[in-house]
Structures are given as structure tokens and as C-alpha cells.
Amino acid sequence: QVHVVESGGGLVQPGGSLRLSCTASGRIPSHYSIDWYRQVPGQQREYVARTFGSGTTDVVYSLKGRFTITLDSARNTNYLQMNNLEPADTAVYLCRFWDGGEEYWGQGTQVTVSS
């Protein structure tokens, strides 16, 4: 069993920045990924970025240049740095831990970009 907790959401003005963190705890295997998705009510969940336990990272092409992701493997925590935020980035950001078989989701953190 793996427990996933996100933090760092909030209200920010357009052009501002936020850093989200996702921490996984419990039975952590050697091979896993910690993924970020975002969801707006009534829309499909959208993939944002991920880190692998190996340290490899990925950000969806449309967000590269504004979003970066890093991993602190010792803490099983990744950090999603979001810069130059736009109102279209407003969503619930959800973290998923995936070991290639099982997946575990956090409760989500709200990001609102508004003036």
C-alpha cells in the first residue's frame, strides 16, 4: 500500500508561480513513477508531468518552458514548478504513484490562476 499526498496549491495571479509537491510513502518499489495530472470539471483529466524513480523526468510538450519537475528520491517526493501561470492552468492537480501495476492517487490540490 502506498499513500500519496499533494501540497502547494493556491490562488495566484496570472504570470505568477507555484510549486506543487507530491510525496509517496509506504511500500515503495525500486521502479515507479510519480505523475501529475490536472482536471477541470466537465473536462477530461490531462497529463502534466512525471518523474521516474530512476530520476528521468518528463513534462507534456505543451507545458515545457513554463513547467519543470524534479525528484527528491530520498524523500520519494517530486516537485512541480509552475511559472508564468495562466488562467487556463486553473484546475485540480492530482498526483498518481504508479509501480507498473498498482496506482495510488492523492486527494488533489486546487490551483486557481486569477486576478
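The values are calculated or read from the model by the stated rules, or taken from the named source; none is laboratory data. Quantities reported herein were computed from a predicted structural model and do not represent experimental measurements. When we count neighbours, we look across all protein chains shown, and the Cβ atoms used for this are built from the backbone with ideal geometry, even at glycine. Keep in mind that these areas ignore ligands, DNA and RNA; they rest on the heavy atoms of the full protein, side chains included. Shrake-Rupley method; radii C 1.70, N 1.55, O 1.52, S 1.80 Å.
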Count - residues of the range 81-115 that are loosely packed, with under 12 Cβ neighbours inside 10 Å and of a type in the set (A, V, I, L, M) = 1
key: Residue in the range 53-69 that is part of a strand (DSSP E or B) and touching a residue at least 24 places away in the same chain (Cβ under 8 Å) present   = yes
ask   = Which residues, counting only those in the range 4-52, are of a type in the set (D, E, K, R), under 14 Å from Arg96 (Cβ atoms) and in a loop (DSSP other than H, G, I, E, B)?
value = Arg45
task = Starting from residues that are under 13 Å from Asp89 (Cα atoms) and out of contact with any Cys (no Cβ under 9 Å at 6 or more places or on another chain), keep the ones in the range 20-40 and report whichever is surrounded by the most Cβ atoms within 10 Å (Cβ to Cβ).
result = Arg38
query = Can you spot a residue in the range 53-64 that is of a type in the set (D, E, K, R), closer than 21 Å to Gln1 by Cβ and open to solvent by 80 Å² or more (accessible area, probe 1.4 Å)?
reply = no
